[in-house]
Amino acid sequence: GTLAVLCAVALAGASEEPAESGDPAHVAALAFDHRSEVVLFHPEEEKWLRTLVMSGEPSDLAFSGAARLVVAEEDRIESANLAEPSDPWRMGVSDAERVVADPLTGRIYVSQSEPRAVSAVTMGIRSKIDWTTKVGGEVSALALDPNGAALYAGLGGEPGRVAVIDTVTGRIRRI
């Protein structure tokens, strides 16, 4: 199938040495093939590292730190530990589309096509949705500011319209 690169990351502890097969501590690009697989490869060497089989078709993915990959799927968000592939994590989130993760806190932010909202998720043994904020439009992109205090939600179909959301309270600061 056709691969679409969703993001490229330098994983923690990356070095200038070439990656060993399957070693997640080196630079890798993350992609998916519009099925239920996320493919990891080393871009400089054009070398396949590993394929992670997810539960559904990925729509977006992000790196959340500590060698964890977070994937938005149709009715859930799913996380895979790149260092230990047998350590998956899943949480039901209806109509999940875009995802971004704070690598410092591990908190995940996910957009939902219905109810046209953004939710903050704490991942762990007792995973929970911390807050959900309706943004009044379809979210085309999510981004965190460098200190993690604000979440930017690009509202698709409306050029230049961005909702700025406080990451602690979930309140919209401005649109």
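Just so it is clear, none of the values below were taken in a lab; they were calculated from the coordinates. Keep in mind the model is a prediction, meaning the values are calculated, not measured. Every residue, glycine as well, gets a Cβ built from its backbone with ideal geometry; the counts of neighbours run over all protein chains shown.
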(message) I want the local charge near residue 72. Using Cβ-Cβ distances under 9 Å, sum +1 for each Lys or Arg and -1 for each Asp or Glu among the other residues.
(response) -3
(request) Enumerate the amide H contacts of residue 131 below 5 Å, restricted to partners 5 or more residues apart or on another chain; note that Pro and chain-start residues carry no placed amide H. (result) 120
(message) Taking amide H atoms as placed 1.01 Å from N in the peptide plane, list the residues 5 or more away in sequence, or in a different chain, whose amide H sits under 5 Å from that of residue 98.
(response) 111
(request) Can you check what the net charge comes to around residue 108, using other residues whose Cβ is under 15 Å from the Cβ of residue 108 (Lys, Arg +1; Asp, Glu -1)? (result) +1
(message) How much length would be gained if the chain were fully extended between residue 84 and residue 125, taking 0.36 nm per residue of separation minus their Cα-Cα distance, in nm to one decimal?
(response) 13.1 nm
(request) Please report, in whole Å, how far the alpha carbons of the range 46-175 spread along each principal axis, starting with the longest. (result) 41, 30, 26
(request) Take peptides 100-112, 119-131 and line them up by average Cβ neighbours within 10 Å, highest first, as a rough protection proxy. (result) 100-112, 119-131
(request) Take the range 130-175, compute every pairwise Cα distance, and split them into 5 Å bins from 0; I just need the percent in each bin. (result) 5, 26, 33, 24, 10, 2
(message) Can you compute the charge dipole magnitude of the range 86-136 about its Cα centre, using +1 on each Lys and Arg Cβ and -1 on each Asp and Glu Cβ, nothing else charged? Give it in debye, rounded to the nearest 20.
(response) 120 debye
(message) Can you compute the charge dipole magnitude of the range 90-175 about its Cα centre, using +1 on each Lys and Arg Cβ and -1 on each Asp and Glu Cβ, nothing else charged? Give it in debye, rounded to the nearest 20.
(response) 220 debye
(request) Starting from the amide H of residue 161, placed 1.01 Å from N in the peptide plane, find each other amide H under 5 Å away whose residue is 5 or more places distant or on another chain. (result) 155
